[in-house]
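J.: If you scroll down you'll find the structure; I have some questions about it.
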Amino acid sequence: MNIIIAGDGQVGSTLTRLLSAEGHDVTLIDTDPRVLEASQERFDVIAVEGNCASMEVLLQAGVKEAELLIAATNADEVNLLCCTTAHGLNPELHTIARIRNPEYTEQIYAMRDIFGLSMVINPEKQAADEIERLLKYPGFLKRDSFAKGRTEIVELRIGADSKLCNVALIDMNTIVKCRVLVCAVLRGGTAVAPGGNFVLREGDRIFVTAPAENLTTLLRNLGIITRRVRRVVLCGGGRVSYYLAALLEKNGISVQLIEQNYERCLELAELLPHTSIVHGDGTDQSLLESQGLAEADALVSMTGLDELNMIISLYGQSRGVPQVITKLSRVENRNMIDALGLGSVICAKELCSNTIARYVRAMQNQSGAAVSVHSIADGQAEAIEFQVDQHTRNCDTPLKDIKLKDNVLLVSITRGSRTEIPSGLSTFRRGDTIVVVTSGQGTIRQLNDIFA
């Protein structure tokens, strides 16, 4: 596909890496020639210097031949004008705009046809939604939902005191006492597709497929606290904190938000009437103690600096806070991050980029196309959801008689309201939703691509 990315910042760069790796023809627009030059050296892309909202620059970038435009500059207004202008020049063009200002949310939704928008993405809102989902199930490092929430792939870390430490996967169900499937293991930074005799070790990060109703059973039988989160401390008063605090207020959760900028504290106090806004430095040990950090159910560090977030999270871990979540803007050095023990790590730009990548895949093939794609195991594997339709091969054939491609594992079948962790005798039929995990290098775009 011919794709234009306007804005070569963190999100633009991540999208360029993802989309160029999948063989798309990418054209970058940015006002900074040095940034464009760096991207050209790293990726096989075309670069156009200039204002992406300018008709002349868009025409130079080939907007009339493009199939998709992604506006991801730092200015919401520029992104809107870019999409509107591009859609005017090419009415068949799909457009995605990154809009971060909460004030624009309602009017963007109401006027999306006027602006010529196919999709609006808000990285901060998406990060807040992800953090809220993690707070609902303390103990999971990450959760990805499939089949309208009926199937989950959750991430757990194996500690020295875990009931699963030194246990072979074939014996796992006798401990967790519910049907689950370990679809990937990260050991020493490398993803492994484990067999039944694979023995879990301290430090492993495992990715477990389970029906949503089994999650509480899984945590309880592993001895992981599953009590409801009642009080959360947030460090940092940026947009993610605002969105998250608003969500937690609605759920009746007590929130204390610490922010260093006094004017921002006043703004947040007006926007969040049920949140306790504290003016101070989130790295101040005495302040954290005075706010009862040790008695909090969860700590979320979301300042504008990754280094400060790491320090706050490490202190929270040392004080025994049951759940610690760290927002980072960069997660490239994942092995180093894992070694620090920062709890769950959330990266807004990666969440945003993966959402856009799923949209791109859905554009490519309407029949049999992926419904959703989630990156797991630090990007070394993908979990892909498909709808079985009339074109799907091997319907009603037992899985033991179906040959799948190497590095492809079928991990769940959902039929109506029932989700099954499949065995060799399981079958799928038209209308079912299935989830596969692949660690191969080739891209799986359609359901029939999984068959050998």
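The values are calculated or read from the model by the stated rules, or taken from the named source; none is laboratory data. As the structure is a prediction and not an experimental result, all values here were calculated from the model. We place every Cβ from the backbone using ideal geometry, glycine too, and count neighbours over all the protein chains shown.
J.: Tell me, yes or no, whether segment 422-442 has at least one residue that is acidic (Asp, Glu), closer than 16 Å to residue 387 by Cα and not in a loop (DSSP other than H, G, I, E, B).
T.: Filtering segment 422-442 for residues acidic (Asp, Glu) gives 432.
Next, from what is left, pick out any that are closer than 16 Å to residue 387 by Cα: 432.
Filter again for not in a loop (DSSP other than H, G, I, E, B), leaving none.
Checked segment 422-442: no residue is acidic (Asp, Glu), closer than 16 Å to residue 387 by Cα and not in a loop (DSSP other than H, G, I, E, B).
J.: Which ones in segment 248-260 are in a helix (DSSP H, G or I), without any contact (Cβ under 8 Å) to a residue 60 or more places away in the chain and in contact with a helix residue (DSSP H, G or I) (Cβ under 9 Å, 6 or more places away or on another chain)? Write out each step before concluding.
T.: Within segment 248-260, the first condition is being in a helix (DSSP H, G or I), and the residues that meet it are 248-250.
Checking which are without any contact (Cβ under 8 Å) to a residue 60 or more places away in the chain leaves us with 249-250.
Of everything in segment 248-260, nothing turns out to be in a helix (DSSP H, G or I), without any contact (Cβ under 8 Å) to a residue 60 or more places away in the chain and in contact with a helix residue (DSSP H, G or I) (Cβ under 9 Å, 6 or more places away or on another chain).
J.: So, one more: So which residues in segment 390-431 are touching a strand residue (DSSP E or B) at 6+ places or on another chain (Cβ under 7 Å) and at positive phi, if there are any at all?
T.: 394, 407
J.: Could I ask something else about it? Tell me, please, whether a residue that is farther than 23 Å from residue 103 by Cα, β-branched (Val, Ile, Thr), in a strand (DSSP E or B) and modelled with pLDDT of 90 or more can be found in segment 290-310. Write out each step before concluding.
T.: Filtering segment 290-310 for residues farther than 23 Å from residue 103 by Cα gives 290-301, 305-310.
Those still in the list that are β-branched (Val, Ile, Thr) too: 300.
Retained after the next criterion (residues that are in a strand (DSSP E or B)): 300.
Subsequent filtering for residues that are modelled with pLDDT of 90 or more retains 300.
Yes: segment 290-310 contains one or more residues that are farther than 23 Å from residue 103 by Cα, β-branched (Val, Ile, Thr), in a strand (DSSP E or B) and modelled with pLDDT of 90 or more.
J.: Being over 19 Å from residue 15 (Cβ atoms) and among the small types (Gly, Ala, Ser) is the requirement here; does residue 54 meet it? Steps first, please.
T.: Details: over 19 Å from residue 15 (Cβ atoms): yes; among the small types (Gly, Ala, Ser): yes.
In short, yes.
J.: Could you list all residues from segment 132-145 that are surrounded by 16 or more Cβ atoms within 10 Å (Cβ to Cβ), out of contact with any Ser or Thr (no Cβ under 8 Å at 6 or more places or on another chain) and touching a residue at least 24 places away in the same chain (Cβ under 8 Å)?
T.: Those that are surrounded by 16 or more Cβ atoms within 10 Å (Cβ to Cβ), out of contact with any Ser or Thr (no Cβ under 8 Å at 6 or more places or on another chain) and touching a residue at least 24 places away in the same chain (Cβ under 8 Å): 132, 135, 144.
J.: Looking at 199, 176, which is the one that is buried (at least 19 other Cβ atoms within 10 Å of the Cβ) and in contact (Cβ under 8 Å) with a residue 12 or more places away in the chain? Talk me through it step by step, then tell me what you get.
T.: Numbers: 199 fails: buried (at least 19 other Cβ atoms within 10 Å of the Cβ).
Going through 199, 176 in turn, just one is buried (at least 19 other Cβ atoms within 10 Å of the Cβ) and in contact (Cβ under 8 Å) with a residue 12 or more places away in the chain: 176.
J.: Among the candidates 372, 417, single out the residue that is exposed (fewer than 12 other Cβ atoms within 10 Å of the Cβ), of a type in the set (Gly, Ala, Ser) and under 15 Å from residue 146 (Cα atoms).
T.: Details: 372 fails: exposed (fewer than 12 other Cβ atoms within 10 Å of the Cβ).
417 is the lone residue from the list that is exposed (fewer than 12 other Cβ atoms within 10 Å of the Cβ), of a type in the set (Gly, Ala, Ser) and under 15 Å from residue 146 (Cα atoms).
J.: Looking only at residues that are over 20 Å from residue 346 (Cα atoms) and small (Gly, Ala, Ser) in segment 235-260, which one is surrounded by the fewest Cβ atoms within 10 Å (Cβ to Cβ)?
T.: Going through the qualifying residues, I end up with 252.
J.: Still on this structure, I have one more. Which ones in segment 399-421 are in a helix (DSSP H, G or I) and either free of Cβ contacts under 8 Å to residues at least 24 places away in the same chain or touching a Cys at 6+ places or on another chain (Cβ under 7 Å) (or both)? Even if it seems obvious, please write down each step before you answer.
T.: Looking only at segment 399-421, we keep the residues that are in a helix (DSSP H, G or I), and these are 399-401.
Answer for segment 399-421, where residues must be in a helix (DSSP H, G or I) and either free of Cβ contacts under 8 Å to residues at least 24 places away in the same chain or touching a Cys at 6+ places or on another chain (Cβ under 7 Å) (or both): just 401.
J.: Can you pull out the residues in segment 69-112 that are over 22 Å from residue 241 (Cα atoms) and among the β-branched types (Val, Ile, Thr)?
T.: Listed by number, the residues that qualify are 70, 78, 84, 85, 95, 96.
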